[in-house]
Amino acid sequence: MRAATTEVGDARRRVEQLLTELPRDGEEQLSFTQPWELRAFAVAVAAHENGLYDWSEFQLALIGAIREWQDSAGRRVEPWRYYDRWLEALESVLSGTGVLDGGELNYRKHAILTTPRDTDHHHARRDPVAVDPAR
Amino acid sequence: MTRSEITPSPDVTVPRSEAEIAARMKALEALMIEKGIMTTEAVDRLAEIYENEVGPQLGATVVAKAWTDPEFKARLLANATDACAEMGIGGLQGEDMVAVENTDDVHNVVVCTLCSCYPWPVLGLPPNWYKQPAYRSRIVREPRAMLRDEFGHDVPESVEVRVWDSSAELRYMVLPQRPPGTEDKSEAELAELVTRDSMIGVAPVRV
């Protein structure tokens, strides 16, 4: 099956393209500056809608993550980014419900990072990649 | 691959790269979908809804109706949640809403000092500056100066500025003043004038 041609796949690309193509100088006016932020947002809502946690639990985790960042002035190395804190809160509530394992998440993240995107697309491919010969 | 290669050191001394955070989110979403916690379709649908379908234009229709229908305005100020529900507007994070009215004597502005509580169903998702620590702290300490310096909105000294702290339980939206010279405009034309910033209270509605 080619997921790339499904309606949902198209919708996803549309949304992500919209996000990445927005002018950068208007960044402060945008709700999302990176596609992953919108995914983080949508996943948090989806998990809540599927009954994994009360929205208030997520909010408390978010408040806690933001407070921790603010209290870490002097020690911290990360710049202020709202959706970093959002992701931290999301990981925390999902771990709390037992559906997310930190080790598993790290492992998967590592796999994604070590799989180059478009592995072959930095090289000109001057020959057909597949040929269905004439009969 | 050894375990140490995949587990980050606890005392991180360099900021994570954008690629790393994006990969982490991608991994999280993939795991949740594989475990059957959610479907890609549901996540996509939500992303689309919040990016494209709800937004300040819904709040703008509420404001325009309040400007043209005094009875609706009275209901909005008495119970914003119910008044918005009359117009079919409501949902997550819009359960308990309060509309505060700007007048010749009072200017209202909304913040969430703890995180970013915000009435999504009427205003869409909050802009980035709303979520910045700089806004969240300074608008409380010196709202008039911040409105002037950061938003170019010079509220006259004769007008009281009230800052409302949205929380998980209660979210505020501002009912801005109808600008002069709009007596002939229809409700739909008025709605086009109403901006998100005017409903947060950091800008007036301009013609």
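Work out how much length B:Ala74 to B:Glu192 would gain on full extension: take 0.36 nm times their residue separation and subtract the Cα-Cα distance, in nm to one decimal. Let's see the in-between values first.
Numbers: separation 118, 0.36 × 118 = 42.48 nm, distance 2.19 nm.
Once the chain is fully extended between B:Ala74 and B:Glu192, it gains 40.3 nm.
Can you compute the modelled spin-label distance between A:Asp71 and B:Glu169, with each label point 7 Å from Cα toward Cβ, in nm?
2.2 nm
Straight-line reach from B:Lys131: which lysines fall under 28 Å, measuring Cα to Cα and dropping same-chain residues less than 8 apart?
In chain and number order, the partners are A:Lys109, B:Lys26.
Rounded, prolate or oblate: pick one for segment B:108-207, where a ≥ b ≥ c are the square roots of the eigenvalues of its C-alpha gyration tensor, a/c under 1.5 means rounded, and failing that, prolate if a/b is larger than b/c, else oblate.
Cα axes put segment B:108-207 in the oblate bin.
Find, among the trypsin sites (Lys or Arg not before Pro) in segment A:46-121, those assigned to loop by DSSP (not H, G, I, E, B) with at most 15 other beta-carbon atoms within 10 angstrom.
Filter output for segment A:46-121: A:Arg75, A:Arg76, A:Arg117.
Evaluate the distance, in nm, between pseudo-label points positioned 7 Å from the Cα of B:Arg206 and of B:Met87 along their respective Cα→Cβ axes.
For the pair B:Arg206/B:Met87, the computed spacing is 2.3 nm.
Quick one: which residues, 5 or more positions from B:His107 or on another chain, have an amide H under 5 Å from its amide H? H modelled 1.01 Å from N in the peptide plane, none for Pro or chain starts.
B:Glu160, B:Val161, B:Arg162
Assigning unit charges at the beta carbon (Lys, Arg +1; Asp, Glu -1) and nothing else, what dipole magnitude in debye, to the nearest 20, does segment B:118-195 show about its Cα centre?
Dipole of segment B:118-195, to the nearest 20 debye: 440 debye.
Per the helix-only calculation at 222 nm, which mean residue ellipticity applies to chain B, given -39500 (n - 2.57) for every DSSP H run of n ≥ 4 and division by its residues, nearest 500 deg cm²/dmol?
Mean residue ellipticity, 222 nm, calculated: -12500 deg cm²/dmol.
Within 10 Å of each candidate Cβ there may be at most 12 other Cβ atoms; applying that plus a DSSP loop requirement, which GluC sites (Glu not before Pro) in segment B:116-207 survive?
B:Glu157, B:Glu169, B:Glu183
Grab the beta carbon distance between B:Thr103 and A:Thr114, set R0 = 56 Å, and tell me the FRET efficiency rounded to 0.05.
0.40
Using a Cα-Cα cut-off of under 22 Å, which lysines could be cross-linked to B:Lys73, ignoring same-chain neighbours fewer than 8 residues away?
Cα-Cα hits under 22 Å: B:Lys65, B:Lys185.
Please identify the longest segment of chain B free of exposed trypsin sites (Lys or Arg not before Pro), where exposed means a DSSP state other than H, G, I, E or B and no more than 13 other Cβ atoms within 10 Å.
Value returned for the longest uninterrupted segment is B:36-205.
Read the figures in this text as sums done on the coordinates, not as results from a lab. Given the structure is predicted, the values throughout are model-derived calculations rather than measurements. Backbone-built Cβ (ideal geometry, glycine too); neighbour counts: all protein chains shown.
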